[in-house]
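What follows is one structure encoded as structure tokens, with my remarks underneath.
What follows is calculated from the coordinates using simple rules that are stated; it is not laboratory data. Treat the numbers as computed from the prediction; the structure is a model and nothing was measured. No Cβ is skipped: glycine too gets one built from the backbone with ideal geometry, and neighbour counts run over all protein chains shown.
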Amino acid sequence: MALYVIQRGNRRVYAHLEVLQPDRQVAVERNTEALDRLAGDGLALVEGVTPDRLGNLDKAETALLESLTAGMNVFAGQTVYVVCHLYGQETAAILIERAQGCAERAVAVLRTDEGPELVAFGAGPLLPRVGGGPRLELVLPHRLSH
């Protein structure tokens with residue numbers, strides 16, 4: 001949508017509203033703001049990436065991670081933690097081990113020669129969040145708010 005409003009010299013207000021509809025579906029890139037949040041707040045949830053109970057990521061989730069790699073280069077010279085959270089009926093030790101594998105797989109996708117140092121961290125069930133489930137987050141510890 002585009003809206004243009006003007007008040008003329010005769011004090012009349014004119015408005016023009018234009019609604020555009022594409023002929024075909026337009027893909028909206030997920031996580032366009034994730035790197036901005038990471039830079040500002042020091043924490044970014046990678047939306048659309050939900051590890052399964054074993055900590056695996058499917059092809060679509062891997063593609064979402066790949067779409068972030070070029071933008072990660074702005075963090076060159078910094079350390080970014082890739083944190084995987086998993087929950088389930090298994091022991092905490094098993095969930096942490098699976099989460100570590102998940103984080104390592106994500107790091108392998110995100111790593112570039114020009115990018116930041118990436119550190120895999122398997123949090124497992126130890127950092128719960130109300131209403132949160134399995135997730136992947138990027139963390140810049142020195143930018144976290146207190």
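Across the stretch 52-62, rounded Karplus estimates of 3J(HN,Hα) from the backbone phi angles (6.51 cos²θ - 1.76 cosθ + 1.60, θ = phi - 60°) give 6, 5, 9, x, 8, 10, 7, 4, 5, 5, 5 Hz, Gly and Pro being marked x. Taking Cβ atoms as reference points and 10 Å as the exclusive limit, the residues near R53 contribute a net charge of -1, counting Lys and Arg as +1 and Asp and Glu as -1.
Considering only A60, A106, A123, the Gaussian network model of the chain with Cα springs below 10 Å gives its largest mean-square fluctuation to A60.
Among V74, V109, V19, which one shows the highest mean-square fluctuation when the chain is modelled as a Gaussian network with alpha-carbon springs under 10 Å? Judging by the Gaussian network model, the answer is V19. Angle check, please: helix 92-110 long axis (alpha carbons) against the longest principal axis of the chain (alpha carbons), in degrees 0 to 90, nearest 10. The two axes meet at around 50 degrees. Packing-based ranking of 51-58, 2-9 yields 51-58, 2-9, ordered from highest to lowest mean Cβ neighbour count within 10 Å. Cα extents for the stretch 28-143 along the principal axes, largest to smallest and rounded to whole angstrom: 39, 30, 27.
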